[in-house]
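What follows is a single structure, written as structure tokens, with notes after it.
The values are calculated or read from the model by the stated rules, or taken from the named source; none is laboratory data. Since the model is a prediction, treat every value here as computed from it, not as a measurement. Neighbour counts are summed over all protein chains in view; Cβ atoms, including those assigned to glycine, are modelled from backbone coordinates with ideal geometry.
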Ligand code: HEC
């Protein structure tokens, strides 16, 4: 069973078919172009600039901590102020640099719009700052190998595409090592100077940036669609000019021709309703050609048949004419004037066969002129054996006075032989008889095989 959609396509014009074929290719091409070049490029740009931002944020935060740790803490410590992560439990105490940093970062965590910063470690004193997910695990594995490197990638966090960025935090001073190694909450007690102690993770949602990228993509899509439409227009116009128009002219001419021979169209299937107008020019032209061919074949057959019929009729008429003429000439005693005026070939000979009178059609038929044949034996024109047989038969049937119908072989000048249906009879006086030979039209004679 044919698909209905396929049927629909089949009935379309050549131009539409071309477009149906080409359109997915163009659309696919433009989408692929957009994906590979535009989207990838834009995403790479977004990632690059957001990473830069994260780098800046991390540097700033670390600098704040260093300043707090190297300037503020020592001064206050000198005047006996306790520095501890449990500062809120102890009156007069101030937070540790890392506690200061963590708590400042926590205040920025309110909305998802901005960045968040978090100091983490695989060996945390504060158990909330331990490793929580694969990104953190991978980043610490990476940072332990690459001291000055950073680890970052884009992940979906809380439903938002987010850049995650990790920068290493190293034991830059002996105090870091001493305090951590000595701290009862620390799971690791063998830190050394410059060891990796943890890392600063910055998360920046990139959705706001993507909005712009998407807008650019949208513009590109519109541009692509524009190019598509332009191409479609060009293709449609081209096909129309090159294919549709000339074909439709041809088809129209063909249909006019068909309409002209409408009278000769009994072959169109009677039960079938008229076929719907085909939109496909090539198909309809082909159909018109097929119909035309049928008509021409039929006409050819009819013509041949008519031709055969006509030939038969002509032959019959000629035979009739020949018979009538023969009777008449016989009645007129073979009058030379009448013989000369007759439309069929006629020869009058002496009883011994010498040609006495020969008319124009006969001369023409045998290819001679009168001077050459007059007085010559008729065997110049008729095969000798045939002539003798005919004459013998004539004398035998003499009593009946009816003409003898005989088939003779005619000899055309140049040697060509042909078959002749002739009538032969005796005319004229008893003392001076003549033999009258009438023949059908010599143009129609069959040559002897
Ligand atoms: C006086 C002790 C002390 C000193 C000095 C110190 N830390 Fe800490 N550090 C702590 C405590 C206590 C915490 C947990 C504090 C919190 O979460 O509020 C901590 C937390 C951290 C964390 C977060 C992960 C965790 O273990 O909770 C990192 C990373 C860290 N310190 C690195 C350093 C570095 C690097 C230095 C040196 C520049 C340093 N610390 C100096 C005591 C100290």
Those helices (runs of 4 or more DSSP H) lying entirely in segment 345-444 with at least 2 residues assigned by TED's automatic domain parsing to the domain that holds residue 326, under 19 Å from residue 319 (Cβ atoms) and under 60 Å from the mean Cα position of the chain (by Cα) = none
Any residue at all in segment 156-164 that is at pLDDT below 90, within 10 Å of the ligand (Cβ to nearest atom) and part of a loop (DSSP other than H, G, I, E, B)?
-> no
Is it the case that some residue within segment 142-152 is assigned to a loop (DSSP other than H, G, I, E, B), farther than 25 Å from residue 194 by Cα and within 16 Å of the ligand (Cβ to nearest atom)?
-> no
Entirely in segment 39-126, the helices (runs of 4 or more DSSP H) that have 3 or more residues that are buried (at least 19 other Cβ atoms within 10 Å of the Cβ) = 40-67, 97-108
Mind checking whether some residue in segment 99-111 is in contact with a helix residue (DSSP H, G or I) (Cβ under 8 Å, 6 or more places away or on another chain) and without any contact (Cβ under 8 Å) to a residue 40 or more places away in the chain?
-> yes
Taking the condition closer than 25 Å to residue 86 by Cα and surrounded by 15 or more Cβ atoms within 10 Å (Cβ to Cβ), does residue 185 pass?
-> no
Name the residues in segment 188-218 that are more than 24 Å from residue 54 (Cβ to Cβ) and within 16 Å of the ligand (Cβ to nearest atom), would you?
-> 188, 189, 190, 191, 192, 193
Restricting attention to segment 197-213, which residues are within 18 Å of residue 164 (Cβ to Cβ) and in a strand (DSSP E or B)?
-> 198, 199, 200, 201, 202, 203, 204, 205
Which condition number does residue 99 fail, the rest of (1) within 12 Å of the ligand (Cβ to nearest atom); (2) in contact with a strand residue (DSSP E or B) (Cβ under 8 Å, 6 or more places away or on another chain) being met?
-> (2)
Mind listing whichever residues of segment 165-176 are more than 8 Å from the ligand (Cβ to nearest atom) and in a helix (DSSP H, G or I)?
-> 174
